[in-house]
Amino acid sequence: MAVRGNNLDTVRRHNLSTVVGLVHRSGGLSRSRLTALTGLNRSTVAALVAELVDLGLACEELPEGNRTVGRPSPLVRPHRDAVAFAVNPEVDAITVGVVGLDAVVRSQVRREVDTPPTAEEAARITAGLVFEMRSELPESAVILGLGVAVPGLVRSADGVVRLAPHLGWENVAFAAMLADATNLPCWVGNDASLGAVAERIFGAGDGVSDLVYLNGGASGIGGGMIVGGELLGGIGGFAGEFGHTRVAGAAVPAATLEDEVNRARLGDALNISGADSEQLEQAILTALDDDAVAEIDRQVDMLSTALRNIINILNPALVVLGGFLGSLYEARTDQMTRLVGLQTLGPAFDDVAITRAALGDQILLIGAAELVFDTVLDDPAKLANGTAQHPVE
């Protein structure tokens with residue numbers, strides 16, 4: 001809700017943030033709808049929208065097929081050329097994307113690596129890809145910053161990667177490192193937490209206030225929790241590491257969820273080690289070999305046990321499965337639903353739905369970009385002071 005007060009500049013900046021946030025999260029609203037949602041008068045909303053247009057954050061257009069009597073209320077949309085760079089460093093590749101303020105991934109490049117990259121190598125590869133992709137942006141582009149989704153524990157206060165075990169990073173000031181390498185403001189967060197935010201705003205969790213997101217990638221399994229509409233990060237931002245919890249029934253007593261539900265083990269069983277996510281999913285869906293089918297079923301059983309614990313403890317309305325976990329769910333939907341139902345307390349199971357991530361492979365890029373947008377849109381008036389950049393700079 002917009003505010004009114006005596007400090008006109010403070011009020012204007014707050015209302016500007018409110019309006020651009022509504023436009024960003026919705027993908028576009030009419031001026032009349034913005035007026036209703038903010039409680040501001042029409043002339044104030046028109047002035048705020050005009051300022052956002054001048055800042056390169058929004059654009060206005062007439063609604064298509066309008067047949068109402070009188071002048072239609074213009075649609076206010078996020079400007080497609082207001083962008084953030086988004087990065088996901090993994091053990092097997094560095095992926096860099098350009099994400100628009102409308103949450104659409106404009107382009108992305110995946111640079112494969114032979115061994116897990118050091119932080120310095122990841123920063124160097126990222127900087128090179130950002131330089132190449134920046135040159136391909138239109139001159140009108142407004143670059144708002146760079147967001148990074150890291151598979152590890154990231155201290156929310158300063159973007160320091162405290163521990164990314166699969167990458168071998170510990171106490172790495174990766175946000176500062178990338179800011180130096182790219183000359184862009186940079187924010188870093190945990191990949192699964194950012195995936196939870198992305199699904200909550202733009203994906204399967206739209207309109208859901210309590211959800212759990214589990215991401216399965218090359219670096220294992222991470223999780224993010226939305227509670228009461230807000231990301232639950234814990235005191236340091238490390239909450240949600242479901243992959244490191246133990247699971248009952250494992251062959252090794254101390255085995256964790258990500259030891260037992262593992263992309264590499266799936267690839268080996270399907271004889272497609274090194275396959276990309278689409279190839280892996282297709283192999284899971286079409287598997288006929290007895291050993292491969294047995295491994296898929298075993299992992300589904302282990303994942304179902306973990307979901308039972310999560311649902312019983314957190315009582316979410318929705319569980320969203322991303323990465324190869326979504327592929328397992330796609331292949332064994334009925335089986336997983338039945339197993340989770342058998343193992344979960346009845347009232348908690350009645351309240352929950354399970355689905356795969358709606359944003360697919362782009363979820364972490366969209367989540368990483370949201371780190372940038374969430375910070376910049378908190379006070380978009382700062383852009384007038386030159387905090388944003390353009391491709392030619």
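The values are calculated or read from the model by the stated rules, or taken from the named source; none is laboratory data. Remember, it's a predicted structure, so these values are computed and weren't measured experimentally. All Cβ positions, glycine included, derive from the backbone under ideal geometry; neighbour counts span all protein chains shown. For accessibility, only protein heavy atoms count, side chains too; no ligands or nucleic acids. Shrake-Rupley method; radii C 1.70, N 1.55, O 1.52, S 1.80 Å.
Ignoring ligands, DNA and RNA, how do SER107, SER140 rank by accessible area with a 1.4 Å probe, largest first? Present the calculation step by step, with values, prior to reporting the outcome.
On the way: SER107 45, SER140 70 Å².
My answer, sorted largest first, is SER140, SER107.
Calculate, in nm to one decimal, what ARG33 and LEU285 gain on full extension: separation in residues at 0.36 nm each, minus their alpha carbon distance. Provide the component values of the computation, followed by the final result.
Details: separation 252, 0.36 × 252 = 90.72 nm, distance 4.39 nm.
Computed gain between ARG33 and LEU285 is 86.3 nm.
Hey, what do the phi angles of region 261-268 turn into as Karplus ³J(HN,Hα) couplings, whole Hz, using 6.51/-1.76/1.60 and θ = phi - 60°, x for Gly and Pro?
Rounded to whole hertz, the list is 10, 9, 5, 5, 5, 4, x, 5.
Highest first, please rank the peptides 283-295, 171-183, 39-51, 86-98 by the mean number of other Cβ atoms sitting within 10 Å of their residues.
Working: 283-295: 14.5, 171-183: 19.3, 39-51: 16.8, 86-98: 23.5.
In descending order of packing, they fall as 86-98, 171-183, 39-51, 283-295.
Rounded to the nearest 10 degrees, what's the angle between the helix 8-26 long axis and the longest principal axis of the chain, both from Cα atoms, 0 to 90?
Tilt of helix 8-26: around 50 degrees.
What's the local net charge at GLU281, with K and R +1, D and E -1, over the other residues with C-beta under 14 Å away?
Details: positive: ARG263, ARG332, ARG356; negative: ASP276, GLU278, GLU330, ASP361.
Charge balance near GLU281 sits at -1.
Could you work out the relative contact order of region 44-167, using alpha carbon pairs under 8 angstrom and six or more residues apart, expressed as a whole percent?
Numbers: 193 pairs, mean separation 27.2, N = 124.
The normalised contact order for region 44-167 reaches 22 percent.
Between ALA275 and LEU342, what is 0.36 nm times their sequence separation minus the Cα-Cα distance? Round to one decimal in nm. The partial results should precede the final answer.
Details: separation 67, 0.36 × 67 = 24.12 nm, distance 3.33 nm.
Value of the extension gain: 20.8 nm.
Go through region 117-123 residue by residue and turn each phi into a ³J(HN,Hα) via Karplus (6.51, -1.76, 1.60, θ = phi - 60°); whole Hz please, and just put x for glycine and proline.
After applying 6.51 cos²θ - 1.76 cosθ + 1.60, I find x, 5, 4, 5, 5, 4, 5 Hz.
Within a Cβ distance under 10 Å of PRO151, other residues only, what is the Lys/Arg minus Asp/Glu net charge? Mind dumping the intermediate values first?
Working: positive: none; negative: GLU90, ASP191.
Charge balance in the 10 Å sphere: -2.
Mind ordering 321-329, 260-268, 235-243 by average Cβ neighbours within 10 Å, highest first?
Ranking the peptides 321-329, 260-268, 235-243 by packing returns 321-329, 260-268, 235-243.
Specify which residue in the list ALA287, ASN262, GLY220 is farthest towards the positive end of the charge dipole of region 183-294, using unit charges on the beta carbon of Lys, Arg (+1) and Asp, Glu (-1), about the Cα centre.
With unit charges placed on the Cβ atoms, the residue in question is GLY220.
State to the nearest 20 debye the size of the charge dipole of the chain about its Cα centre, where the only charges are +1 on K and R beta carbons and -1 on D and E beta carbons. Write down the numbers at each step before the final one.
Details: 28 positive and 49 negative charges, 333 e Å.
Using only the charged Cβ atoms, the result is roughly 1600 debye.
Given a cut-off of under 8 Å on Cα pairs at least six residues apart, what relative contact order in percent is computed for the chain? Intermediate results must be reported in sequence, preceding the final value.
Working: 784 pairs, mean separation 67.1, N = 393.
17 percent.
Compute the angle between helix 42-54 and the longest alpha-carbon principal axis of the chain, please, reported from 0 to 90 degrees and rounded to the nearest 10.
Helix 42-54 and the main axis of the chain meet at about 70 degrees.
Determine the dipole magnitude for region 150-283: charges of +1 sit on the beta-carbon of Lys and Arg, -1 on that of Asp and Glu, nothing else is charged, the reference point is the Cα centre, and the result goes in debye to the nearest 20. Kindly include the intermediate steps, with their values, before the conclusion.
On the way: 6 positive and 16 negative charges, 53 e Å.
Approximately 260 debye in magnitude.
Positive end of the charge dipole of the chain (Lys, Arg +1 and Asp, Glu -1 on Cβ, about the Cα centre): tell me which of ALA331, PHE202, LEU129 has its Cα farthest that way.
After comparing all options, I get PHE202.
Separation between the VAL109 and ALA381 pseudo-spin-labels, each 7 Å from Cα along Cα→Cβ, expressed in nm?
3.8
Mind checking the angle between helix 333-343 and the chain's longest principal axis? C-alpha axes, 0 to 90 degrees, to the nearest 10.
For helix 333-343, the angle is close to 80 degrees.
Once you place label points 7 Å from the Cα toward the Cβ at VAL53 and ASN171, how far apart are they in nm?
Using points 7 Å along Cα→Cβ, the separation is 5.3 nm.
Please report the spacing between the Cα centers of region 137-177 and region 252-293 in Å, no decimals.
Answer, in whole Å: 29.
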